[in-house]
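J.: What follows is a structure written as structure tokens; I'll ask about it next.
Any read-out appearing in this document is the output of simple, stated calculations on the displayed coordinates, not a laboratory observation. Owing to the predicted nature of the structure, the values given are computational and were not obtained by experimental measurement. All Cβ positions, glycine included, derive from the backbone under ideal geometry; neighbour counts span all protein chains shown.
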Number of protein chains: 2
Amino acid sequence: MAKKKIEIYDTTLRDGNQGEGVNMSIADKLDITKELDAVGVDYVEGGWPGSNPKDDEYFQKVQDLELSHVKVSAFGSTHRADSEPAEDFFLQKLVAAKADITCIFGKTWDLHVEQALRIAPERNLEMIQNSIAFLKEATGKPVFYDAEHFFDGFKSDSGYAIATVQAAVDGGVSRVILCDTNGGVMPHELAHAIRELRKEVPAVKLGIHVHNDGGLAVANTLRAIEEGAIQVHGTINGIGERCGNVDLTSILANLELKMGYECLPEGQIRGLTNLSRKIWEFLGMQGPNGQPFVGPSAFAHKGGVHVSAVQRNPETYEHIDPELVGNSRKILISELAGGSNLKAKLSNRYPELEDSNAVRAILNEVQDREHAGYSYENADGSFDLVVRRHIGKYRPIFEPIYYRIYSPSNEEHPDSAGLIEASAKIKVGENIELCAAEGNGPVDALNRALQRALIEWFPVVGDLHLSDYSVRVVNSTEETAAKVRVYLEHTFQGEAFGTVGVNVDIIQASWNALVEAYQYALMQHQEFVDELEETKGDAGSSDTRQSAP
Amino acid sequence: MAKKKIEIYDTTLRDGNQGEGVNMSIADKLDITKELDAVGVDYVEGGWPGSNPKDDEYFQKVQDLELSHVKVSAFGSTHRADSEPAEDFFLQKLVAAKADITCIFGKTWDLHVEQALRIAPERNLEMIQNSIAFLKEATGKPVFYDAEHFFDGFKSDSGYAIATVQAAVDGGVSRVILCDTNGGVMPHELAHAIRELRKEVPAVKLGIHVHNDGGLAVANTLRAIEEGAIQVHGTINGIGERCGNVDLTSILANLELKMGYECLPEGQIRGLTNLSRKIWEFLGMQGPNGQPFVGPSAFAHKGGVHVSAVQRNPETYEHIDPELVGNSRKILISELAGGSNLKAKLSNRYPELEDSNAVRAILNEVQDREHAGYSYENADGSFDLVVRRHIGKYRPIFEPIYYRIYSPSNEEHPDSAGLIEASAKIKVGENIELCAAEGNGPVDALNRALQRALIEWFPVVGDLHLSDYSVRVVNSTEETAAKVRVYLEHTFQGEAFGTVGVNVDIIQASWNALVEAYQYALMQHQEFVDELEETKGDAGSSDTRQSAP
């Protein structure tokens, strides 16, 4: 039996853009359109022509994109009460946008008709019907209708709410989208309203558009599908005004993997995690770790009981296979970890960890350091150094002596505008190296200086690239005396790894994390370690010889 | 008619602590216990005695707290298959914990009995019944039972799942908590399982404990209440393993404000936002802006249409009055803002904004600056300076000349360990001031130096306190050449306000935000502005005289 199709209508670019902290450029909007097309979303709502210059430009430029699947939708509203459709500025803009479809919203709720529009209820019905009929005729393309505040309107005056939907149908609409604009409807209220509406207007094809103000957006959307809606409006990652729109990533995964519907072209659901992360990146935002299905913690196991069970059978503590949505399992190391977490993570690399004394000592150190503000959950590089210290495999390839930062003011050195100077002094064997470099910001400058000091001895550090950088205040209750945790990500010969530094001083914390990154990368090369052992051996140092070959 | 009571059982300290990035000290756990008691939660699950030293210590120390309402619960599991209850290490620990109640989990799902415990199904039933009976006898206090994986177990073998609940009842349990441990159950499946269970074991008093892996935790919890559960297990802010537990803040608000249940003592629901933010603070984490009910964006309006309607009647775009949960409305300024947002925000302060040219120019500048990485949504101080520039009221009280940072290495200056030195040079009128200061980190040092340079001229800056500091990488695609946005919060004479700085260099960005904070604070004092006008007037400067009195 063929699966039933649910249409996916994405409004990330329009309703999503109303979220606090969201700010998309035209280039972002066009790039996101391409991503949505690639994954196989049915409709993308690009903006509201006439409302701001950016949105007008979007509809011009989107015509030059080669889109294979998605239809572009232009958003607007019913015509103004004091004009007729053909003379209405925004309806004209909608026609001029030349989108594949148009979607306009109108008023369902008597409160809004009276207090926001301040017109007679009948005039509102005319405006709905006439706007839709005009757009259908003028564009020659399908028109969708967003019944704004449908559920609040239904609660206040169900007869009038239903009459507005009937007006849209009479205007020749293709889909009527029931909106929980304020985001406060409860699932049972929503189901009741849809059932009553379908009794009165059986011919209507319904969509659902909800917000998450009650924490119920996903449930409400799925409930509407159960009640017969065939189209879902939402945003990737649930961005949007106030608490956001429904998160389409949760909807797609639930509909396809739990409820047996078809939403995206075959196999595309595996691109879901990738899509989610790309959109966060475009927005310059970091998603919640625990975002269902696609978050970095969505399949992260920390408690020892869970980890040992998942090792035997993932189904014991995972509701789906993470690979179905392109996500992956993560074993976390923390004070709650049992030895099983540690062994699961490291048994290939360090078989000697079967020695349980070392495992206990490592867990204790992790516990102490987490107490001091460190976090090893993403810092595999720093964690590796902790492990090495406990199993006698820690061989620092160089010794940091000091660093300095100099930030020239623009007035004094206009030609260095925006550049920071750093110097790094280190010891390699018996040799002292001091190098200086300029960079964009202190971390970049320190990284360049340290690389320069090491590259003569270890040309391989030329392959070490700083790829991400984040800072978090660890304890914000003590004003700026609070410590910061700096997390650095480097790529080295195809592998990405993280290191972490914690200090009251952000520069010192960054320096510590940088030093660990270089130590970690160099220790991957056994030849450097061997060479070091040899030199030390010659010099008669005994404390590191115990595990020399 | 009295409202029906729902019991609130908080497991922030136990299940919440299994969330990625969550790491609570004993002091945190005790402080959180006090907060939960103050707001009137019924039960707080403090930890698992015997599983780690921190949890044992918690149960000792919690006995010294003066708690007025909350009952403390100790968590554990059924006894081991190879021992009997009285000899079981963890059951003994539970008794020794001397908590007000105990709550143990056991296996419901045949898969777990076979693959995790590797015992006969009948032995598992004995272990459930006997563990509960032992604890009830040994502690003399109520015992709760967490039916782990109840819904997965029911789907796999409903008869066996029901038999495990019957075993708990036979053991003398007070509540059986149905757990969606893997977080993947759908609301209709959950309702069906609860109905079937209640047919077979009508005497059981039920609780509900769900995880958010499908994005349905809130809906599933409310559905279980509709099906007769009388107790909710969850965590404040929804922290917890993988995608987290159900967020009790959403549950409390929905149950009390939407569904008419009683959960907290009269009036305490108004403390919800405060509770949520305190817990984020204890965790050193920042909650999602759009967290339902309690998030900083939960009642933030950005779109111009919404703002102008909310000004007339908040019900038009708010599902509840934000004050009911102690939250507040927020009007955002962005490129999507119409003039109505700006006027709503500033009409009291600057009545001259009715001049619409200035409004348009301000919105344009905000748009340009947001494009460059700024964000004014929380930076009222910096935004005020933008507005002042456009309406001829920008009167910088001092002129920054340069700053320097020196970070001594520990080796050279062991007595300055961890301290950073900053110097700040500024011009006040015709006078040059250069001051240096040490601080914990560069921002603290710069703040002290700037304050020292200004305080002789403006003693009032002694009241300006730096209260928060955050950093965000604005564009992380270009390695560390990316800009950072620094956000500072100061309190000044009882008011908190934010300023923002953006630069490739974090120190420069911080300096810019600091300078704006001092300018903003000083400009609040008209006498400084007047004095400045006078001096400038004397010096014959014409361009600032236009709006001098």
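J.: For a 31 Å ceiling on Cα separation, which of these pairs sit above it: A:K278/A:K345; B:K278/B:K427; B:K107/B:K199? List each step's numbers first, then the result.
T.: Working: A:K278/A:K345 27 Å; B:K278/B:K427 41 Å; B:K107/B:K199 21 Å.
Distance filter (> 31 Å) returns B:K278/B:K427.
J.: Still on this model: Ratio to report: Rg/Rh of chain A, with Cα atoms as the point set and Rh obtained by the Kirkwood method; give two decimals.
T.: Here Rg/Rh amounts to 1.09.
J.: Something else about it: Label-to-label distances across copies for A:D31, with labels 7 Å out along Cα→Cβ, in nm, shortest first?
T.: 3.9
J.: What are the nm distances, shortest first, from B:G429 to its equivalents in the other copies, labels at 7 Å along Cα→Cβ?
T.: 6.5
J.: With the crude spin-label approximation of a point 7 Å out along Cα→Cβ, what separation in nm comes out for B:K199 versus A:S347?
T.: Each label point is offset 7 Å from its Cα along the Cβ direction, giving 4.5 nm.
J.: When the chain is fully extended, how far beyond the present Cα-Cα distance does B:D157 get from B:E114, taking 0.36 nm per residue of separation?
T.: Full-extension gain reported as 14.2 nm.
J.: Report, ordered by chain and residue number, the lysines lying within cross-link reach of A:K5, taken as a straight Cα distance under 21 Å and ignoring same-chain residues fewer than 8 apart.
T.: A:K71, A:K205, A:K258
J.: Ignore the peptide's own chain and count Cβ atoms of other chains within 10 Å of each Cβ in B:274-283; give me the average, rounded. Numbers along the way, then the final one.
T.: On the way: counts 0, 0, 0, 0, 0, 0, 1, 3, 2, 0.
Whole-number average of other-chain Cβ neighbours for B:274-283 is 1.
J.: Considering the options B:S77, B:I177, B:P53, tell which one lies farthest towards the positive end of the dipole of region B:7-283, charges being +1 on Lys and Arg and -1 on Asp and Glu at the Cβ, about the Cα centre.
T.: Farthest along the dipole direction, towards plus: B:I177.
J.: Return a whole-number percent for the relative contact order of region B:7-283, with Cα pairs under 8 Å and 6 or more residues apart as the contact set. Show your work: numbers first, answer last.
T.: Values: 564 pairs, mean separation 53.7, N = 277.
Averaging sequence separation for qualifying contacts and normalising by length gives 19 percent for region B:7-283.
J.: A further question on this structure: Count, for each residue of A:459-472, the Cβ atoms from other chains sitting within 10 Å of its Cβ, then give me the mean as a whole number.
T.: Counting other chains' Cβ atoms within 10 Å and averaging over A:459-472 gives 3.
J.: A follow-up question, please. Name the chain B residue nearest the rotation axis between B and A, going by Cβ position, and give the distance in whole Å.
T.: Nearest to the symmetry axis by Cβ: B:A219, 2.
J.: Follow-up question, since we're still on this one. Helix-derived [θ] at 222 nm for chain B: sum -39500 (n - 2.57) over DSSP H runs of at least 4, divide by residue count, nearest 500?
T.: -11500 deg cm²/dmol
J.: Can you give the mean number of other chain Cβ atoms that lie within 10 Å of the Cβ atoms in peptide B:294-306?
T.: Working: counts 1, 5, 2, 8, 7, 3, 7, 4, 9, 7, 3, 6, 4.
Partner Cβ neighbours, averaged per residue: 5.
J.: Amide H neighbours of A:D180 under 5 Å, counting only residues 5+ apart in sequence or on other chains, H built in-plane at 1.01 Å?
T.: Placed amide hydrogens put A:H209, A:V210, A:H211 under 5 Å from A:D180.
J.: If R₀ is 22 angstrom, what is the calculated FRET efficiency for the pair B:H188 and A:R329, using the beta carbon separation as r and rounding to 0.05?
T.: The computed FRET efficiency comes out at 0.20.
J.: Using modelled backbone amide H atoms (1.01 Å from N, in-plane), which distant-in-sequence or interchain residues come within less than 5 Å of A:E241's amide H?
T.: Amide H neighbours of A:E241: A:Q18, A:G19.
J.: Now, a different point. Can you work out the Karplus-derived ³J(HN,Hα) for every residue in region A:128-140? Use 6.51 cos²θ - 1.76 cosθ + 1.60 with θ = phi - 60°, whole Hz, and x for glycine or proline.
T.: With the stated coefficients, region A:128-140 comes to 5, 4, 5, 4, 5, 4, 4, 5, 4, 5, 6, 9, x Hz.
J.: Also: Each residue of region A:12-28 in order: what ³J(HN,Hα) in whole Hz does its phi give by Karplus 6.51 cos²θ - 1.76 cosθ + 1.60, θ = phi - 60°, with x for Gly and Pro?
T.: Ordered by residue, 3J(HN,Hα) equals 3, 6, 10, 5, x, 5, 7, x, 5, x, 8, 7, 9, 7, 4, 4, 4 Hz.
J.: Got a sec to turn the phi values of region B:294-309 into Karplus ³J(HN,Hα) couplings, 6.51 cos²θ - 1.76 cosθ + 1.60 with θ = phi - 60°, whole Hz, x for Gly and Pro?
T.: In residue order, the calculated couplings are 10, x, x, 9, 4, 10, 9, 10, 10, x, x, 4, 5, 4, 5, 5 Hz.
J.: Please compute the Kirkwood hydrodynamic radius over the protein assembly as shown, one decimal place, Å, based on all pairs of different Cα atoms. Numbers along the way, then the final one.
T.: On the way: mean 1/r = 0.0316 Å⁻¹.
For the protein assembly as shown, inverting the mean 1/r across all distinct Cα pairs yields 31.6 Å.
J.: How many nanometers, to one decimal and shortest first, lie between the label point of B:S328 and those of its other copies, if labels sit 7 Å from Cα toward Cβ?
T.: Reported distances to equivalent positions: 4.6 nm.
J.: If you don't mind, there's one more thing I want to ask. For Cα pairs less than 8 Å apart in space and 6+ apart in sequence, what is the mean separation divided by the residue count of chain B, i.e. the relative contact order in percent?
T.: 9 percent.
J.: Taking H as built 1.01 Å from N, whose amide H comes closer than 5 Å to the amide H of B:G47, not counting residues under 5 places away?
T.: Those lying under 5 Å, H to H, from B:G47 are B:F75.
J.: If packing is taken as the mean number of other Cβ atoms within 10 Å per residue, what is the order of A:446-458, B:130-142, A:243-255, highest first?
T.: With the highest mean Cβ count within 10 Å placed first, the list reads A:243-255, A:446-458, B:130-142.
J.: Please work out the Kirkwood hydrodynamic radius for region A:263-369, using every pair of different C-alpha atoms, and report it in angstroms with one decimal place. Please report the intermediate quantities before stating the final value.
T.: Details: mean 1/r = 0.0644 Å⁻¹.
Evaluated over region A:263-369, this radius sits at 15.5 Å.
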